[in-house]
1. I'm checking a number: the convex hull volume of the Cα atoms of segment 75-153, normalised per residue, in Å³. What is it?
2. Assuming a viscosity of 1.002 mPa s and a temperature of 20 °C, what translational diffusion coefficient in µm² per second does Stokes-Einstein assign to segment 42-115, Rh being the Kirkwood radius over Cα pairs?
3. Per DSSP helix of 4 or more residues, -39500 (n - 2.57); summed, then divided by the residues of the chain. What does that give at 222 nm, rounded to the nearest 500?
4. Kirkwood-based Rg over Rh for the chain (C-alpha set), two decimals?
5. When ranked by the protection proxy of mean other Cβ atoms within 10 Å per residue, highest first, what sequence do the peptides 141-148, 210-217, 223-230 form?
6. Relative contact order of the chain: what whole-number percent is it, with Cα pairs under 8 angstrom and at least 6 residues apart?
7. Please list 91-100, 247-256, 232-241 highest first by mean number of surrounding beta-carbon atoms within 10 Å per residue.
8. Pop out the carbon and sulfur fraction of the accessible area of the chain as a percent, whole number, probe 1.4 Å.
Amino acid sequence: MTTTVTAATRQYPPGLAGEVLAGYGDRVVLHDLYDAVGAPVYHDLAAADTSEIREVLRVARAVTGPVLELASGSGRLTLPLLALGRGVTALELKAEMLDLLRERLAAAPAGLRARCVPVQGDMAAFELGRTFGLVVLGTTSVSLLDDAGRAGLFASVRAHLAPGGRFLLSTVDMVDPEDESARATDLDIEGQGASGRRYRMIEHWPEGAPARRVTILPPAAEAATADRIEVLTTSIRVLPAQRLERELADAGLRITARHTLPASGPRHRDVLLEAEGV
Ligand SMILES: C[S@@+](CC[C@H](N)C(=O)[O-])C[C@H]1O[C@@H](n2cnc3c(N)ncnc32)[C@H](O)[C@@H]1O
């Protein structure tokens, strides 16, 4: 969805991002991070992001059978999984993201492309009629689902695990207690996509809040001279690992390993939970 932000509609994100956008006035056009304008920016940033890949591949090598990747996006994890020589079903909600994945597959070797089955679907309720040796949900994307959505996700995953199969999902484990910036409500950083383009990213996360709001906009110098300022925003639920472990247990999924991930951002530590059906 695309919305022109005006002071009258007051649809600015909360905190620092809202203040910055208010200063830009009616040049601002707001998008969801995963819509037609947001998806290529997400893809540009994702293509420069190698987090979790090594850890996911290490677990994938240790289990046999085909792989189901949920919320696969434009294929940041899908392509490395395919490169292991395994069949990968890539399930994704948004057509725009699946189109980007298909573009990447089209440029990949034919053998690798042939092993991938892209599927448009909702990870909160899916029925693929087969089972998998490994189900992967990376990039802390479990946080995109509400309580009912996660219950549906875990039941669907349980039904798609082959005997001895593993479910691997990442989540934000904790805030780094050593990091001063971890206690700040707004984190304002600049990052670079695979294309070389630079982005300003403002994360609004009041202490104890159940969600953080991420807003991506052009760096200040670029925005100063732009006639139209495309701004992308998304809200990300904060789901501590302990809470997910309880929910997984309720769904008949037992934790077999916890893999600590290198810091994914300036103030988060993530963890990869590995579970099996009981
Ligand atoms: C943070 S991105 C991660 C994409 C990819 N795994 C990566 O590492 O780049 C989250 C993805 O989840 C997708 N998504 C959101 N809700 C979903 C749902 N209910 N079912 C399947 N995919 C969903 C979004 O469209 C987006 O592509």
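The values are calculated or read from the model by the stated rules, or taken from the named source; none is laboratory data. Every value quoted in this text rests on a predicted model; they were computed, and no experiment measured them. All Cβ positions, glycine included, derive from the backbone under ideal geometry; neighbour counts span all protein chains shown. Note: areas computed on protein heavy atoms with side chains; ligands, DNA, RNA excluded. Shrake-Rupley method; radii C 1.70, N 1.55, O 1.52, S 1.80 Å.
1. Measuring per residue, one finds 95 Å³ for the Cα hull of segment 75-153.
2. Using the Kirkwood radius from Cα pairs, D works out to 171 µm²/s.
3. About -8500 deg cm²/dmol.
4. My calculation of the ratio gives 0.97.
5. With the highest mean Cβ count within 10 Å placed first, the list reads 210-217, 141-148, 223-230.
6. The normalised contact order for the chain reaches 20 percent.
7. So the order, starting with the most tightly packed, is 91-100, 232-241, 247-256.
8. Ligands and nucleic acids excluded, carbon and sulfur give 53 percent.
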